[in-house]
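K.L.:
Pasting a structure below so you can have a look.
The values are calculated or read from the model by the stated rules, or taken from the named source; none is laboratory data. A quick note: this is a predicted structure, and the numbers were derived from the prediction, not measured. Virtual Cβ from ideal backbone geometry, glycine too; neighbours counted across all protein chains shown.
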Ligand code: ATP
Ligand code: MG
């Protein structure tokens, strides 16, 4: 039986006059993400994206890809029927045979957007419901608490039948490309990939920056960051990842600044370098993964000192989340397993024994004044390596 995928979008509906622009970005994103996966035909009508898949064996992978597209709220497979009540009945019976099993309670819900169709919605429900009830004597009509809601939609070209319970949740959010660009400070940890996912979900394209301390951190640590960028890219398509050599800066901080200020000064350098890269590549904000109070460098006083180093919005979407919530999110989006691989991160290599938790800007600035900040930043920027990361 011929199937189609129906995907419905959410927030775009609120966009009024801008809606067509948002819709066409959404459809383009879908086409791009399916391009190398299967031959498909994608079109949009009445707040629904229709995806026809040439090779029906590819349905599962297409569903999987669509489940990662920001902007879609529900995705379902449906049987394609002729706009003929007898065909709809017959297809409903066959298509839902694994859903309408003995003892199941069911109801039919119909939506008729083609007003030429000779049956009105309540009549469609009666016709199809009565037929299924006769054909499957062991199922029970229950309009209040059904196990199975049989959906019948009469649309422009065809009619569709599916069980509402079989639809899957989409990502929600806004299509990538509708919200300009931000630069994610991507470490190898659990938090920053989640932060990147959360902001990209708002339609924001992502560049990523990683600070790398060769030879203190290994080639495998770098591979890990590339893998994480690849997982985020499943949702955003391509990501430009900038790898910044950070060893010289860390060594100088270690040699010239008080040990308890080391982490914060390091973090300030990261922010400044990320801001320069962001400005150069037309990105309008930085994204980091702090959660208030998680570690010494994430107290509010510490954030005050770190964030003061730059003059650009800093998006910290995890600020109010607990570790367990962040871990759950990381597991859902697929980054957790990679994040917990044990390779050293540049911060773990240079960690003070007693970091300050209640720093003052003046004190940190004074410690920092022992360094030639601008020259160090220029040198780091001169050594940046750019890697184009595609969905893995
Ligand atoms: P994560 O799990 O993201 O590593 P964390 O809890 O270890 O976070 P910190 O080490 O305090 O946090 O770093 C705070 C934020 O600074 C990170 O979430 C990330 O955005 C950024 N950051 C830290 N280290 C790096 C790095 N080596 N490269 C790029 N960004 C980094
Ligand atoms: Mg970390």
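K.L.:
Any residue that is closer than 23 Å to residue 242 by Cα, within 14 Å of ligand 2 (Cβ to nearest atom), over 25 Å from the mean Cα position of the chain (by Cα) and without any contact (Cβ under 8 Å) to a residue 12 or more places away in the chain - is there at least one of those in the stretch 325-348?
P.N.:
Yes; the residues of the stretch 325-348 include at least one that is closer than 23 Å to residue 242 by Cα, within 14 Å of ligand 2 (Cβ to nearest atom), over 25 Å from the mean Cα position of the chain (by Cα) and without any contact (Cβ under 8 Å) to a residue 12 or more places away in the chain.
K.L.:
Still on this structure: Within the stretch 276-289, how many residues turn out to be closer than 16 Å to residue 199 by Cβ and not in a loop (DSSP other than H, G, I, E, B)?
P.N.:
Of the residues in that region, 3 qualify.
K.L.:
Give me the residue from the stretch 186-198 that is surrounded by fewer than 22 Cβ atoms within 10 Å (Cβ to Cβ) and more than 13 Å from residue 319 (Cα to Cα) and, out of that set, nearest to ligand 2 (Cβ to nearest atom).
P.N.:
Filtering the stretch 186-198 for residues surrounded by fewer than 22 Cβ atoms within 10 Å (Cβ to Cβ) gives 189-190, 198.
After this cut, where a residue has to be more than 13 Å from residue 319 (Cα to Cα) as well, the list is 189-190.
Working: 189: 3, 190: 8 Å.
Selected residue: 189.
K.L.:
Return only the number of the condition from (1) at pLDDT below 95; (2) over 17 Å from residue 9 (Cα atoms) that residue 47 does not satisfy.
P.N.:
Residue 47 satisfies all of (1) at pLDDT below 95; (2) over 17 Å from residue 9 (Cα atoms) except (2).
K.L.:
Looking only at the stretch 338-369, which residues are more than 30 Å from residue 223 (Cβ to Cβ) and surrounded by 14 or more Cβ atoms within 10 Å (Cβ to Cβ)?
P.N.:
Scanning the stretch 338-369 gives 356, 357, 359, 363, 364, 365, 367, 368.
K.L.:
Turning to a different aspect of this structure: In this structure, is residue 234 touching a helix residue (DSSP H, G or I) at 6+ places or on another chain (Cβ under 9 Å), in a helix (DSSP H, G or I) and over 25 Å from residue 335 (Cα atoms)? Step through it out loud before you land on a result.
P.N.:
Details: touching a helix residue (DSSP H, G or I) at 6+ places or on another chain (Cβ under 9 Å): yes; in a helix (DSSP H, G or I): yes; over 25 Å from residue 335 (Cα atoms): no.
In short, no.
K.L.:
Considering only the stretch 169-181, state which residues are surrounded by fewer than 24 Cβ atoms within 10 Å (Cβ to Cβ) and either within 16 Å of ligand 2 (Cβ to nearest atom) or closer than 20 Å to residue 278 by Cβ (or both).
P.N.:
Those that are surrounded by fewer than 24 Cβ atoms within 10 Å (Cβ to Cβ) and either within 16 Å of ligand 2 (Cβ to nearest atom) or closer than 20 Å to residue 278 by Cβ (or both): 177, 178, 179, 180, 181.
K.L.:
Okay, moving on. Show me the strands (runs of 3 or more DSSP E) found entirely inside the stretch 121-195 where at least 1 residues are closer than 24 Å to residue 289 by Cβ.
P.N.:
Working: elements: 148-154, 159-163, 181-185.
So the answer is 181-185.
K.L.:
Also, quick follow-up: Identify the residue in the stretch 113-125 that is in contact with a strand residue (DSSP E or B) (Cβ under 6 Å, 6 or more places away or on another chain) and at pLDDT 95 or above and, among all such residues, is farthest from residue 164 (Cα to Cα). Write out each step before concluding.
P.N.:
Our first condition is that a residue be in contact with a strand residue (DSSP E or B) (Cβ under 6 Å, 6 or more places away or on another chain); within the stretch 113-125, this holds for 114, 117, 121, 124-125.
Keeping just the survivors that are at pLDDT 95 or above gives 117, 121, 124-125.
Working: 117: 22, 121: 17, 124: 16, 125: 14 Å.
Only one residue fits best here, namely 117.
K.L.:
Kindly check whether there is at least one residue in the stretch 376-385 that is farther than 28 Å from residue 220 by Cβ, without any contact (Cβ under 8 Å) to a residue 60 or more places away in the chain and part of a loop (DSSP other than H, G, I, E, B). Show your work before the answer.
P.N.:
Just the residues of the stretch 376-385 that are farther than 28 Å from residue 220 by Cβ, to begin with: 378.
Subsequent filtering for residues that are without any contact (Cβ under 8 Å) to a residue 60 or more places away in the chain retains 378.
Of the ones still in play, those that are also part of a loop (DSSP other than H, G, I, E, B) are none.
No, the stretch 376-385 has no match at all.
K.L.:
Look through 373, 319 and report the one residue that is within 16 Å of ligand 2 (Cβ to nearest atom), modelled with pLDDT of 95 or more and surrounded by 14 or more Cβ atoms within 10 Å (Cβ to Cβ).
P.N.:
Values: 373 fails: within 16 Å of ligand 2 (Cβ to nearest atom).
Result: 319 is the single residue among 373, 319 that is within 16 Å of ligand 2 (Cβ to nearest atom), modelled with pLDDT of 95 or more and surrounded by 14 or more Cβ atoms within 10 Å (Cβ to Cβ).
K.L.:
Return the residue satisfying two criteria in turn: it lies in the stretch 285-296 and is surrounded by fewer than 20 Cβ atoms within 10 Å (Cβ to Cβ) and within 14 Å of ligand 2 (Cβ to nearest atom), and of such residues it is nearest to the chain's Cα centre (by Cα).
P.N.:
We begin by selecting, within the stretch 285-296, every residue surrounded by fewer than 20 Cβ atoms within 10 Å (Cβ to Cβ); these are 285, 292-296.
Next, only the ones that are within 14 Å of ligand 2 (Cβ to nearest atom) stay: 294-296.
Working: 294: 24, 295: 26, 296: 29 Å.
Per the stated criteria, the residue is 294.
K.L.:
Determine which single condition residue 292 fails, assuming it passes every other condition in (1) within 14 Å of ligand 1 (Cβ to nearest atom); (2) at pLDDT 95 or above; (3) not in a helix (DSSP H, G or I).
P.N.:
Looking at each condition in turn, residue 292 falls short on (2).
K.L.:
Going by the conditions given, is residue 306 surrounded by 21 or more Cβ atoms within 10 Å (Cβ to Cβ) and within 16 Å of ligand 2 (Cβ to nearest atom)? Even if it seems obvious, please write down each step before you answer.
P.N.:
Numbers: surrounded by 21 or more Cβ atoms within 10 Å (Cβ to Cβ): yes; within 16 Å of ligand 2 (Cβ to nearest atom): yes.
Taking the combined requirement at face value, the residue satisfies it.
K.L.:
Let me ask another. Can you find, within the stretch 276-321, the residue that is nearest to residue 201 (Cα to Cα) among those that are without any contact (Cβ under 8 Å) to a residue 40 or more places away in the chain and in contact with a strand residue (DSSP E or B) (Cβ under 8 Å, 6 or more places away or on another chain)?
P.N.:
Result: 313.
K.L.:
Looking at residue 112, is it more than 16 Å from ligand 2 (Cβ to nearest atom), more than 23 Å from the chain's Cα centre (by Cα) and within 24 Å of residue 10 (Cβ to Cβ)? Steps first, answer last, please.
P.N.:
On the way: more than 16 Å from ligand 2 (Cβ to nearest atom): yes; more than 23 Å from the chain's Cα centre (by Cα): yes; within 24 Å of residue 10 (Cβ to Cβ): yes.
Yes, satisfied.
K.L.:
Yes or no: the stretch 209-217 includes at least one residue that is touching a residue at least 12 places away in the same chain (Cβ under 8 Å), under 22 Å from residue 65 (Cβ atoms) and within 16 Å of ligand 2 (Cβ to nearest atom).
P.N.:
No, the conditions are met nowhere in the stretch 209-217.
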